[in-house]
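All remarks here apply to the structure that follows.
The values are calculated or read from the model by the stated rules, or taken from the named source; none is laboratory data. Values in this document were obtained by computation on a predicted structure and should not be read as measured data. Positions of Cβ are backbone-derived with ideal geometry, glycine not excepted, and every protein chain shown enters the neighbour counts. Side chains are part of the model used for accessible areas, which takes the heavy atoms of the whole protein and leaves out ligands, DNA and RNA. Shrake-Rupley method; radii C 1.70, N 1.55, O 1.52, S 1.80 Å.
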Amino acid sequence: MTPIPSPKTRPLPASLSIAPSIAKGRPAIGRIAAQGLWRELQSGLLTTMLAALIVAVAAVTAVGFFTDRVDAGMRAQAAEFLAADGRIDAPDPLNTIQHQAETLGITTADTLAFPTVVLANDHPLLISLKAVSPGYPLRGTLTIQRENVPETLAHGPAPGTVWLAPRALALLGLKPGDSVQIGQKKFRIDAALEREPDVGNVLAQAAPRAMIALSDIPATGLVTPASRVSYHLLLAAPPAQRAGLFARLKSKLPKSLTIERPENSQPAFKTAFDRAARFLGLAAMVAVLLAGAALLLAARHYNEVQQDAAALMRAFGASRRTIGKIYALRLLMLALLSTIPGVLIGVLTQQGLAALMHSALAVALPPPGWTPALIGLGIALIALLGFALPALVRLQDTPPLRVLNRQLAAPPPAAALLFGVGLAAMGLLVWLQARDATLTAYVLGGLGASLLIFLGLAWGLVRALRLFKVRGVARFGLVRLAREPLAGSIQIAALALGLTALLLLGVVRGDLLDAWRSQIPTDAPNFFAINIQPDQVDALRGFMNAQGIHNAGFYPMVRARWTAENQKPIHLDAYTGQAKRMAEREFNLSTTPTLTADNRIVAGHWPGVGWSVEQGIAKTFDWHVGDQLTFLVNGSPVTAAITSIRKVNWDSMRPNFFVLGPKALLARAPAQYVTSFYLPEPNVPQQTALLRAFPTLTLFDLGRILAEVRGLIDRASQAVQYVFIFTLAAGLIVLIAAFHASEAARLRETAILRVLGARRSQIMRALWLEFSVIGILVGLLSALASGALGAVLAWKLFDLPGRFDPTLLGYGLAAGLLLTLILVPWLGARITRASPVTALRG
Amino acid sequence: MSSEKLNPVVRAAQVSKVVTGPGDGDGAKALTILHEVDLEIACGEAVAIIGPSGAGKSTLLSLLAGLDHPSTGHLELAGFSLNELDEDGRAAVRAGRVGFVFQSFQLIDGLTALENVALPLELNGIADAERRARAALVAVGLADRLAHRPRQLSGGEQQRVALARAFAGTPEILFADEPTGALDTATGEQVIDLLFALRDRHATTLVLVTHDPALAARCDRQYEIRAGRLRELASDTAGTATA
Ligand SMILES: Nc1ncnc2c1ncn2[C@@H]1O[C@H](COP(=O)(O)OP(=O)(O)O)[C@@H](O)[C@H]1O
Ligand SMILES: [Mg+2]
């Protein structure tokens, strides 16, 4: 007879002691699940799973909270670029509409602007005059400077005074306190106007700014029904009522007017934030996927360890359902348990990130909402259901007879189930995080492919090892790898995944961030010059060369109106929003024999006989290669087919055009030239000299925007580095999980080996051999994977050609061997400490 | 009582084992699992140690085989004094001289039957390990199971692999700890028959732990252990126990 082992002869898992409570009445599932959870957390069995979950939740919530807040902050900042939540532009006064808006409860302010001339000591200067009502700006602030001290204000100039752009002051040789004549009124110069929120389209603001109070306008006598004045009505409303109020106002507007919303005011910022958000999202996503891998490994291990408990519960009469429920409930509890610290860490982290971004943002970030916390809980649940549950479902199938014969085990979870559900969960997680189908496909495809390659290579190598004729225990080390190709390969793949995260953090991240920063090089053009006449080009080029100014070339530019597509006249009413605004505006057409590095042909051919259009505008208007476009150039229509579509890097700050035509097409039009160049700060004397030599030329200073975008990218890339710490933590947890998973088996095997007479040195030798092979393999695999991932990221995020950095192989090998150097002594100490007596105790 | 052995291969003198019982800190209590055990086993003898569960059988076996060290007392194995040796030294004494059979087989899952049997031979640097392992497996009737893994074998087959592993190195002493404990009666009997057949062929000294009196009766001498105290049973007492 085989005796039933009593707790005396074999130490039983802690959770067995609760088994008898199953037998009475309704099984106390909740209590059993909770007690088991608590004991296993204390004994460290579930700690890996908990840690993995906490990291995943923390990463996702930190990034979620942060991007939510930045999104809202961006909208606030965009409002600042408009000085309002909404704006109506018109060629005529907007008094009636202003009245309607105020009756609705919308706060308003109004401004008007037109080009005119200021006179100082009979010296005229073309300026862009802007008159603002009290209340302006409704959003954002102005910066002025009186005596070299910048002041931030939330109102315009006092009546009788004028604020002048520093450029105007420099050109006129004036300073605050002096007087100027505008129209029929004399104004005292109160301050230099450094910055106004609603600069609008920089290209439209041709001349330097002069700002006065709206109440001074009649006294100037400049505004008559015939003058070319643009009127702006600024609108503001609390966020909650905003959409509703604006919609009601919109319904009262004449058809020709729209309310411009601040969404797309600053493309350079938007691009930078989008990239940062994507980068942060990816870092969090990789962290979550790594955590998933750790969960999978830990759950497999947990499954093995829990079989005794499951068998005993079944022996005591628990049904399969009961067992299934107990473990499902325990996972649910684990999810909740990990969400609380995870969300807390996430909140703290996003607070840190927000503080970091504070100086790069002109506005304070609004407080975070609650959604990211819920997403965190969701992530924990999905990760557990996807990665841990499949490994545990078969626990309920543990044969009760196992209590008599430990050789009996639950059937191992089907590989298809493990990987199928895991993959689905991954897809869901990546999609939740990226909300971008293409990126999801790339990341999943990339990860799936690298995992397959990992497994394939590891398996092949492990098989090849069997061919080696190594003697003694050393052989045992290799055989151990070769004998269980699946388990061995999974372990190698897991290690490689962890190391890939490390290499991404250590090497690829730096490359990517450098690439991002170098999108705006230090000598990126900070000035734009337009209105250059063809006969001025050579002289200007000579002047610039003499001044040591490097220009990015001169481009001819003609104004044109888009009139027909495929011979059918276009109807503006067919378009809405941005498309409508773009269609109404005049296009700047250009021609160039060679494309700059900012342009990449994505469809069609270059050079061609027709139009070359930018990808974004082609998408907006649904233009395709082969479509016939007609532009009205200087009164006469020019029709040609689209022969290529270009992707343009707008960040470069060099002149780029939506539509390019071949030289022949534009020959008849009177072109003006544009150029951009870099002038190191301080540059007021050079500006003045340039404008004195070429008075008709119009100069735009992009310095401030450039500096702000640079600051933003710097801060954002720092934020990304911090979020990568989660990725690193998740990678480390994968490594730990991989070891936990094999530790029990190693302990047992070492005990047997020692009983059979193996010395410590022999066991260590086997371990060194095994892990040297693993280290090399893992190093190479992770170098390849991180290199490939980096290339994909560069390509998808930065439109840079993805290239493989060969030094990665060196780093990878070094990291792999370092891993061996650290792990073998550690693991060796752990497993050889175990007494061979354990072999006797089964 | 036969205390004057000419050529003892296993010798225990006044051996005690004290462990710290469960409970932590001040609550921890010293627990004596073996009390001043004296034992001598001569070369070629078959000795059974019987006793109820928890009596200390496995503990004694692990001390005799040098798997563990005693709290007090003196131990000798194959002429080596174990007291002065560390774990590595004791492993060196075991290597090539001692074979083991356990209740739970203790085969290595990742290795085939053949590799499991060859492993201790390879550990000792024996050149034709594989040939001898093969021969040992043929001897236990598993010629057609060489490439199987432990999980692919029945309990009885696994224990036969363990027997092959134990005897392949032609050990001087075989320690067996309840070798039939995990097997059904019929299979257990087959394994025991095989064990004794191999022992007879190789003239191996056998130390067999069991709680089965019938099995114990097949040995030359029997000891009983109760609550950590060992005493030898007279041959006729053992005889009546089997009857
Ligand atoms: N490391 C240990 N710590 C505490 N108690 C132990 C230890 N090893 C064995 N024991 C106890 O010593 C007694 C004898 O155990 P064992 O030798 O395994 O008994 P047997 O093999 O006769 O069933 C048992 O009560 C057991 O619980
Ligand atoms: Mg025992």
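Based on what the data block shows, is B:Ala42 at the interface with chain A (Cβ under 8 Å from one of its Cβ atoms), open to solvent by 10 Å² or more (accessible area, probe 1.4 Å) and of a type in the set (A, V, I, L, M, F, W, C)? Quick ask: steps written out before the conclusion?
Working: at the interface with chain A (Cβ under 8 Å from one of its Cβ atoms): no; open to solvent by 10 Å² or more (accessible area, probe 1.4 Å): yes; of a type in the set (A, V, I, L, M, F, W, C): yes.
It is false that B:Ala42 is at the interface with chain A (Cβ under 8 Å from one of its Cβ atoms), open to solvent by 10 Å² or more (accessible area, probe 1.4 Å) and of a type in the set (A, V, I, L, M, F, W, C).
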Next item on the list: Hey, can you tell me all the residues within segment B:118-141 that are more than 11 Å from chain A (Cβ to nearest Cβ) and either under 21 Å from the mean Cα position of the chain (by Cα) or within 16 Å of B:Glu172 (Cα to Cα) (or both)?
Entry: B:Ala133, B:Ala136, B:Leu137, B:Ala139, B:Val140
Item checked: In segment B:90-116, residue farthest from the other protein chains (Cβ to nearest Cβ) [restricted to those that are outside any loop (DSSP other than H, G, I, E, B) and open to solvent by less than 10 Å² (accessible area, probe 1.4 Å)] -> B:Ala113
Check: Can you tell me which residues in segment A:79-109 are crowded, with 23+ Cβ neighbours inside 10 Å and among the acidic types (Asp, Glu)?
Finding: A:Asp85
Note to self: Looking at segment B:117-141 only, could you name the residues that are open to solvent by 60 Å² or more (accessible area, probe 1.4 Å) and either touching a residue at least 24 places away in the same chain (Cβ under 8 Å) or not small (Gly, Ala, Ser) (or both)?
What the structure shows: B:Glu130, B:Arg131, B:Arg132, B:Arg134, B:Val138
Check: If you take the residues in segment B:45-74 that are within 16 Å of ligand 2 (Cβ to nearest atom) and farther than 20 Å from B:Glu224 by Cβ, which one is surrounded by the fewest Cβ atoms within 10 Å (Cβ to Cβ)?
Finding: B:Asp68
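Against the condition in the same structural domain as A:Phe739 (by TED's automatic domain parsing) and either modelled with pLDDT under 80 or of a type in the set (D, E, K, R) (or both), how does A:Ser338 come out, does it pass?
Values: in the same structural domain as A:Phe739 (by TED's automatic domain parsing): yes; either modelled with pLDDT under 80 or of a type in the set (D, E, K, R) (or both): no.
For A:Ser338, the condition - in the same structural domain as A:Phe739 (by TED's automatic domain parsing) and either modelled with pLDDT under 80 or of a type in the set (D, E, K, R) (or both) - is not met.
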Margin query: Quick check on my filter: what residues within segment B:38-89 are in a helix (DSSP H, G or I), within 10 Å of ligand 1 (Cβ to nearest atom) and among the small types (Gly, Ala, Ser)?
Written below: B:Ser58, B:Ser62
Margin query: Any residue that is open to solvent by less than 10 Å² (accessible area, probe 1.4 Å) and in contact with a Leu (Cβ under 6 Å, 6 or more places away or on another chain) - is there at least one of those in segment A:704-719?
Written below: yes
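Could you tell me whether segment B:137-147 includes any residue that is within 28 Å of B:Ala48 (Cβ to Cβ) and within 16 Å of ligand 2 (Cβ to nearest atom)? Working first, answer last.
Going residue by residue through segment B:137-147, those that are within 28 Å of B:Ala48 (Cβ to Cβ) are B:137, B:139-142.
Narrowing further to those that are within 16 Å of ligand 2 (Cβ to nearest atom): none.
No: segment B:137-147 contains no residue that is within 28 Å of B:Ala48 (Cβ to Cβ) and within 16 Å of ligand 2 (Cβ to nearest atom).
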Next item on the list: Restrict the check to segment A:611-621 and report whether at least one residue is open to solvent by 70 Å² or more (accessible area, probe 1.4 Å), closer than 30 Å to A:Glu260 by Cα and at pLDDT 90 or above.
Entry: no
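Residue by residue through segment B:71-89, note down the ones that are without any contact (Cβ under 8 Å) to a residue 60 or more places away in the chain and either away from chain A (no Cβ under 12 Å) or of a type in the set (A, V, I, L, M) (or both). Walk me through it before giving the result.
Here is the first cut: in segment B:71-89, the residues without any contact (Cβ under 8 Å) to a residue 60 or more places away in the chain are B:71-72, B:80-89.
The answer is B:Ser71, B:Thr72, B:Phe80, B:Ser81, B:Leu82, B:Asn83, B:Glu84, B:Leu85.
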Next item on the list: For A:Ala815, indicate whether it is away from chain B (no Cβ under 14 Å), more than 16 Å from ligand 1 (Cβ to nearest atom) and either open to solvent by less than 20 Å² (accessible area, probe 1.4 Å) or at pLDDT below 90 (or both).
Entry: yes
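So, in segment A:145-176, of the ones that are of a type in the set (D, E, K, R) and in contact with a strand residue (DSSP E or B) (Cβ under 6 Å, 6 or more places away or on another chain), which residue ends up farthest from A:Leu691 (Cα to Cα)? Spell out how you get there, then give the answer.
Filtering segment A:145-176 for residues of a type in the set (D, E, K, R) gives A:146-147, A:151, A:167, A:175.
From the residues that got through so far, the ones that are in contact with a strand residue (DSSP E or B) (Cβ under 6 Å, 6 or more places away or on another chain) too are A:146, A:151.
Numbers: A:Arg146: 24, A:Glu151: 28 Å.
Residue satisfying both the conditions and the ranking: A:Glu151.
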Next item on the list: Among what's in segment A:792-808 and is within 19 Å of A:Leu780 (Cα to Cα) and open to solvent by 60 Å² or more (accessible area, probe 1.4 Å), pick the residue that is modelled with the lowest pLDDT.
Entry: A:Arg803
